[in-house]
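Trainee: Mind having a look at this structure? Questions to follow.
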Amino acid sequence: MRIAELFRRAREAKGLKQSEIADQCGISRSALARFETGSLRLAEETLLQIAPLLDIDPEFLRGNATIPFKSQTGSLIKFVVDKYHVNTDMLLATILARCDVLEIYYLTPPLTIVDRIRHLNVVANPTYALLMSDEAGNVYLIRCKSPKDFLAWDDSLSSWHSEQRKLTGKSGHFEQLIISKELFEKIRDWQDIYKADFDSLFNQKAENLINKVMALSEAEKKLILFVREQHLDPEDAIQKLQQ
């Protein structure tokens, strides 16, 4: 993705207008618009000024980081996506491709039978929002532009993520989570949802995933299954692999 396109997509995903960014950085809206379309180059110092407003890592622009995004204050990175292009969203695809270690949680609110009838849905756990964590300590929250919409009513989203990770030769931890009504309402209202709201969730997952530093690759899973099927002693197998 070109730098200009990265800036444009990040701005749109954060729900910011060109005029808002331009005013904060002391440039004209038309200059920013021309930059986003690729017809104008902005000075590096201007790009470094804009980047933090969009949670783009200045070190990525300097070529010193592989992950494009970073909150300069350690805050939650929040993006919204078009419900019709969730599976083709370029920012999501960039995160999936760039991060070596990625945990993805598919957040489902508690649904009543009325909710399911309203949406004609019978899937066990449709996805309202995504919570993602990478190796750089970034935490992303992603939902549809409209708070009424769900990201997915089936497993197509998790299947796409899994395929994207396989294409880049990277694994990931994918898990569906049913969240509380209170947390769902905070995500839906958007403005007052913070990284700290997910601390208890991550702490709980850390306890459940103790000794599991990162998700297993398919090859690692096959190795474990082979050890089990052959009734091998795990310690003996480890010693032989270390030789």
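Trainee: Provide the gained length on full extension for the span GLU20 to ASP100, in nm with one decimal, where the gain is 0.36 nm per separating residue minus the Cα-Cα distance.
Mentor: Working it through step by step, the gained length comes to 25.5 nm.
Trainee: Return the label of the correct value of volume of the Cα convex hull per residue in Å³, as calculated from the structure shown, out of [x] 161; [y] 202; [z] 140.
Mentor: Identified label for the calculated read-out: [x].
Trainee: Pop the C-beta distance of ILE238 and LYS148 into the FRET formula with R0 = 41 Å and round what comes out to the nearest 0.05. Don't skip to the end; give the middle numbers.
Mentor: On the way: r = 52 Å, r/R0 = 1.26.
For R0 = 41 Å, the calculated efficiency reads 0.20.
Trainee: In addition: Below 8 Å, C-alpha to C-alpha, sequence gap of six or more: please give me the relative contact order for the chain in percent.
Mentor: 16 percent
Trainee: Can you put VAL139, VAL101 in order, fewest other beta carbons within 10 Å first?
Mentor: Values: VAL139 20, VAL101 15.
Starting with the residue having the fewest Cβ neighbours, the order is VAL101, VAL139.
Trainee: Take the Cβ-Cβ distance between LEU167 and LEU48 as r, set R0 to 45 Å, and report the resulting FRET efficiency rounded to the nearest 0.05.
Mentor: The value I calculate is 0.90.
Trainee: Put a dot 7 Å past each Cα toward the Cβ at LEU40 and GLU185; how far apart are the dots in nm?
Mentor: Rounded to a tenth, the inter-label distance reads 4.5 nm.
Trainee: On full extension of the chain, what length is gained from LEU201 through ASP155, given 0.36 nm per residue of separation minus the C-alpha to C-alpha distance? Please list the in-between numbers first.
Mentor: Values: separation 46, 0.36 × 46 = 16.56 nm, distance 2.19 nm.
Net length gain for the segment: 14.4 nm.
Trainee: Neighbouring Cβ atoms within 10 Å as the yardstick, rank TRP160, TRP190 fewest first.
Mentor: Ranked by crowding around the Cβ, least crowded first: TRP190, TRP160.
Read-outs: derived from the displayed coordinates by stated rules, not from any lab. Note that the structure is predicted; figures quoted are calculated from it, not measured. Cβ sites come from the backbone with ideal geometry, for glycine too, and all protein chains shown count toward neighbours.
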